[in-house]
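Reading through the structure tokens given below for one structure.
The values are calculated or read from the model by the stated rules, or taken from the named source; none is laboratory data. In this text the structure is predicted, and so the values were computed from the model without any measurement. Every residue, glycine as well, gets a Cβ built from its backbone with ideal geometry; the counts of neighbours run over all protein chains shown. What goes into the accessible areas is simple: the full protein's heavy atoms, side chains included, and nothing from ligands, DNA or RNA. Shrake-Rupley method; radii C 1.70, N 1.55, O 1.52, S 1.80 Å.
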Amino acid sequence: MRMRSPKTPMVVVAGATGYLGGRVARVLHEAGLRVRALARDESRLEDVRSSCDEVFVGQATRPETLRGLCDGAFAVFSSVGVRHVRKRPTFFEVDRDANLSLVRLAEEAGAERFVFISISGAPELRDTLELMEAREQVGDRLGESALRSTVIRPTGLFNDMAEFFGIARRGRVWLIGRGEARVNPIHGSDVGDVVAEVLGDGTPPAEVDLGGPEVFTMKEIRELAFDALQRPRRFGYVPLWAVAAAATVTRPLNRNLGALLAGLHAVNTRGAVAPRSGKRRLADYYAMLARAER
């Protein structure tokens, strides 16, 4: 690991143990910035550890464990959010409350910048989708802050596409509707490049809508997965109304699962296409996953 001067700007990366945060940490380190990674357990940083100049052990949902996290930091990046369908913690506790705590800490420490990851289409869907509302409330708070902030809204990440790859590996893939909704997913490292650009911009944009370089239908994404595995394409179809109904029924029992189903219904109804960015291709990503299995 290259050693940085104490005068080199420090960026706190919250979410560094996840797919996106880990790739952002690596890009920022390679760009010459110092990276302080927030981790509940340092061992979960795995291969990204070499890109972290410092590790702060704390839990995003427990503000009392985060004292000093942002001290001396020039900027804070956060992709903290729920990635499970267990009942607790809820996305309001994580996607909203944990990130609001990070905003307060950044302000109290005198940081200059804050870059936050929301979701493509969230401003339009926040009144109907609670997960979008939870993340957009953080964007609202940043808009009121003296921090120079940027909210980045990706369409979908390659690790989400890896879920489809795993399903194709097991056999039949189920499409919601006819699989005609369009999306241009983006690699985490390409998002990292945009984060680095934003942090280097003297007047950073308040918002960035962000998608990858290629637009696919939902069915085409699954076809790419089958092709990478060199397996015949096998599809089943789930009506859109059935997913909407399942979201409604599930929500009172499990808010996280209900939010996931509602989000799946939304993206398969309206799609998620944003201005194209990046250079990494989904077919290459699937080929890498396929090679890892051989």
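In this calculation the C-beta distance from GLU54 to GLU207 is compared with R0 = 41 Å, giving a FRET efficiency of 0.90. Per-peptide packing, taken as the mean over residues of other Cβ atoms within 10 Å, places 18-29, 217-228 in the sequence 18-29, 217-228 from highest down.
What size of dipole, in debye to the nearest 20, comes out for segment 108-214 about its Cα centre when the only charges are +1 on Lys and Arg C-beta atoms and -1 on Asp and Glu C-beta atoms? Please report the intermediate quantities before stating the final value.
Numbers: 11 positive and 19 negative charges, 120 e Å.
Once rounded to the nearest 20, the dipole reads 580 debye.
Report the antiparallel proportion of the DSSP beta bridges in segment 149-290 as a percent, rounded to a multiple of 5. Working shown, then result.
Details: 2 of 13 bridges.
Rounded to the nearest five, the antiparallel share is 15 percent.
Could you tell me how far the Cα centroid of segment 195-256 sits from the Cα centroid of segment 82-118, in Å? Rounded to whole Å, the Cα centres lie 22 Å apart.
Cross-link partners for LYS219 among the lysines, with Cα-Cα distance under 28 Å and sequence neighbours closer than 8 places in the same chain left out: LYS279.
Taking a straight line from the alpha carbon of LYS7, not one of the lysines sits under 25 Å away once near neighbours fewer than eight places off in the same chain are left out. Scan (i) -0.66; (ii) -0.60; (iii) -0.78 for the value of log10 I(q)/I(0) by the Debye sum over Cα atoms at q = 0.11 Å⁻¹ calculated from this model and give just the label. The calculated read-out lines up with (i).
Can you pull the percent of segment 2-63's accessible area that's carbon plus sulfur, 1.4 Å probe, other chains left in place?
Numbers: 1350 of 2910 Å².
That fraction is 46 percent.
Over the chain, what is the mean sequence separation of C-alpha contacts under 8 Å (at least six apart), divided by residue count, expressed as relative contact order in percent?
Working: 585 pairs, mean separation 51.0, N = 294.
Reported relative contact order: 17 percent.
Carbon-plus-sulfur accessible fraction, segment 138-271 (probe radius 1.4 Å, protein heavy atoms only): 53%.
Annotation: peptides 118-127, 242-251, ranked by per-residue average of other Cβ atoms within 10 Å with the highest first, follow the order 118-127, 242-251. Summed over the residues of the chain and divided among them, the accessible surface reaches 47 Å² per residue at a probe radius of 1.4 Å.
Assuming R0 = 25 Å, can you tell me the calculated FRET efficiency for the pair ASP160 and ARG231, based on Cβ-Cβ distance, to the nearest 0.05? Computed FRET efficiency for ASP160 and ARG231 comes out at 0.75. Calculated from DSSP H runs of 4 or more alone, at -39500 (n - 2.57) each and per residue, what is the 222 nm mean residue ellipticity of the chain, nearest 500? That comes out to -12500 deg cm²/dmol. Residue-wise HN-Hα couplings along segment 50-66, as the Karplus relation 6.51 cos²θ - 1.76 cosθ + 1.60 with θ = phi - 60° gives them from phi, are 5, 9, 9, 6, 9, 10, 10, 8, x, 10, 4, 7, 10, x, 5, 8, 10 Hz; Gly and Pro carry x.
Across segment 125-281, C-alpha contacts under 8 Å between residues 6 or more apart give a mean separation that, scaled by the residue count, equals a relative contact order of 33 percent.
R0 = 30 Å: FRET efficiency of ASP47 with ALA245, Cβ-based, nearest 0.05? Show your work: numbers first, answer last.
Details: r = 42 Å, r/R0 = 1.39.
Given R0 = 30 Å and the Cβ-Cβ separation, E is 0.10.
Restricting to the chain, what percent of DSSP beta bridges are antiparallel, rounded to 5? List each step's numbers first, then the result.
On the way: 2 of 35 bridges.
For the chain, the DSSP antiparallel bridge percentage is about 5.
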